[in-house]
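Working notes, structure below.
The values are calculated or read from the model by the stated rules, or taken from the named source; none is laboratory data. Given the structure is predicted, the values throughout are model-derived calculations rather than measurements. In this analysis, Cβ positions are derived from the backbone assuming ideal geometry, glycine residues included, and neighbour counts consider all displayed protein chains. Keep in mind that these areas ignore ligands, DNA and RNA; they rest on the heavy atoms of the full protein, side chains included. Shrake-Rupley method; radii C 1.70, N 1.55, O 1.52, S 1.80 Å.
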Amino acid sequence: MPMETEKRPAAQKIRGFLHYPGWLSPPEQRALRDDLRGVVAAAPLFSPMTPYGKEMSVRMTSAGRFGWVSDRRGYRYSETHPNGSPWPAIPPSILAIWRAVSESARDPECCLINFYSEGAKMGLHQDRDEADFGHPVVSISLGDDGLFRIGNKTRGGKTESLWLRSGDVMVMEGDARLLYHGIDRIAPGTSTLLPKGGRINITLRVVT
Ligand code: MD6
Ligand code: FE
């Protein structure tokens with residue numbers, strides 16, 4: 001079924017982020033979940049160490065040419081999983097979402113998969129390790145709801161929050177590209193998509 005011809009929800013703008021609530025139908029969410037099982041089988045989830053020597057509460061893995069890793073050398077893109085293997089290819093179902101919502105002429109080179117179990121969160125951060133901020137960052141949420149907070153171009157100041165639900169897509173581009181953002185918490189038991197619960201967030205980026 002060609003995604004482009006289907007009826008898709010309109011974007012809601014929040015601080016320049018484009019939020020598409022329910023972009024993916026429930027059957028599309030299940031298909032994407034199953035595609036991710038193949039990625040995780042090839043590139044197992046791991047718990048990254050922050051450069052400060054603390055284990056992150058989120059578990060992660062990647063697909064594409066580059067993956068995101070973090071250890072005592074710092075946060076960086078890497079062409080290999082911590083186990084030394086190259087990352088698996090980005091599933092076509094994920095590339096189709098990028099092509100539908102992003103105006104980028106290029107395909108993403110990194111597909112980062114973050115898994116949040118109950119109690120996991122992600123501190124306020126900027127996504128600024130890519131070579132060209134003219135390309136957007138696209139995110140896809142699956143599973144339990146996550147409370148997403150958006151701040152400013154520098155740390156501090158007023159913030160706004162919204163719940164990201166299973167099937168939602170977010171696009172961070174233009175003036176919003178360098179805003180601080182993070183996940184305060186997830187709401188366990190709000191989705192039945194993942195048999196053991198939790199939340200998955202996928203972010204797509206052009207790196208080079
Ligand atoms: C998350 N998302 O939703 C974390 N980054 O779990 C992000 O850090 C993010 O949603 C850039 C653009 C969109 C995002
Ligand atoms: Fe981010």
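Taking only pairs that are 8 or more places apart or on different chains, how many Lys pairs in the chain have Cα atoms under 28 angstrom apart?
The result is 10.
Suppose a student asked you for the relative contact order of region 28-131, using Cα pairs under 8 Å spaced at least 6 residues apart; what percent would you report?
Values: 157 pairs, mean separation 28.8, N = 104.
Once divided by the residue count of region 28-131, the mean separation gives 28 percent.
Just to check, using Stokes-Einstein with a Kirkwood Rh over alpha carbon pairs, what's the diffusion coefficient of the chain at 20 °C and 1.002 mPa s in µm²/s?
Working: Rh = 17.2 Å.
So the translational diffusion coefficient is about 125 µm²/s.
Using the Karplus equation 6.51 cos²θ - 1.76 cosθ + 1.60 (θ = phi - 60°), what ³J(HN,Hα) coupling, rounded to whole Hz, does each residue of region 45-52 give in order, writing x for Gly and Pro?
Listing the rounded values in order: 4, 9, 9, x, 8, 6, x, 8 Hz.
From the protein chains alone at 1.4 Å, what is the descending order of accessible area for Asp144, Asp132, largest first? Intermediate values should be presented prior to the final figure.
Details: Asp144 5, Asp132 70 Å².
I get Asp132, Asp144, largest accessible area first.
Show that you can apply the helix-only estimate: for the chain, add -39,500 (n - 2.57) for every DSSP H stretch of four or more residues, divide by all residues, and state [θ] at 222 nm to the nearest 500. Let's see the in-between values first.
Numbers: 2 runs with 27 residues, N = 208.
Rounded to the nearest 500, the figure is -4000 deg cm²/dmol.
Could you sort the peptides 96-104, 135-143 by per-residue average Cβ neighbour count (10 Å cutoff), highest mean leading?
On the way: 96-104: 17.6, 135-143: 24.9.
Going from most to least packed, we get 135-143, 96-104.
Compute, for Thr192, the solvent-accessible surface of its heavy atoms (probe 1.4 Å) with the complete set of protein chains present, and express it in square angstrom to the nearest 10.
For Thr192, the solvent-accessible surface is approximately 140 Å².
Under a point-charge model restricted to the Cβ atoms of Lys and Arg (+1) and Asp and Glu (-1), what is the dipole moment magnitude of region 41-162 relative to its Cα centre, in debye to the nearest 20? Walk me through the intermediate numbers first.
Values: 14 positive and 14 negative charges, 80 e Å.
Charge dipole of region 41-162: 380 debye, to the nearest 20.
Order Tyr75, Tyr20 by their accessible area, 1.4 angstrom probe, all chains in place, largest first. Walk me through the numbers on the way to the answer.
Details: Tyr75 100, Tyr20 35 Å².
Of Tyr75, Tyr20, the descending order of accessible area is Tyr75, Tyr20.
So how do Met170, Met122, Met49 rank on accessible area, 1.4 Å probe, biggest first, that is with the largest at the start? Mind dumping the intermediate values first?
Working: Met170 5, Met122 35, Met49 70 Å².
Ranked list, largest accessible area first: Met49, Met122, Met170.
In debye, nearest 20: dipole of the chain around its Cα centre with unit charges on the Cβ of K, R (+) and D, E (-)?
Values: 27 positive and 23 negative charges, 106 e Å.
My answer is approximately 520 debye.
Please state, to two decimals, what the Cα-based radius of gyration of region 40-157 comes to when divided by 2.2 N^0.38 Å (N = residues).
Values: Rg = 14.7 Å, N = 118, 2.2 N^0.38 = 13.5 Å.
Region 40-157 yields a ratio of 1.09.
Write down the accessible area per residue of the chain in Å², having rolled a 1.4 Å probe over the full set of protein chains.
Numbers: 10110 Å² over 208 residues.
On a per-residue basis, the chain sits at 49 Å².
In the chain, what percent of the accessible surface is made up of carbon and sulfur (1.4 Å probe, ligands and nucleic acids excluded)? Provide the component values of the computation, followed by the final result.
Details: 5250 of 10110 Å².
Here carbon and sulfur together make up 52 percent of the probe-accessible area.
Defining a contact as two alpha carbons under 8 Å apart and six or more residues distant in sequence, what relative contact order in percent does region 105-185 show? Walk me through the numbers before you get to the answer.
Working: 124 pairs, mean separation 32.9, N = 81.
Once divided by the residue count of region 105-185, the mean separation gives 41 percent.
Among Leu194, Ser57, Ser85, whose Cα projects farthest towards the positive end of the dipole of the chain, with charges put on the beta-carbon of Lys, Arg (+1) and Asp, Glu (-1)?
Working it through, the farthest residue towards the positive pole turns out to be Ser57.
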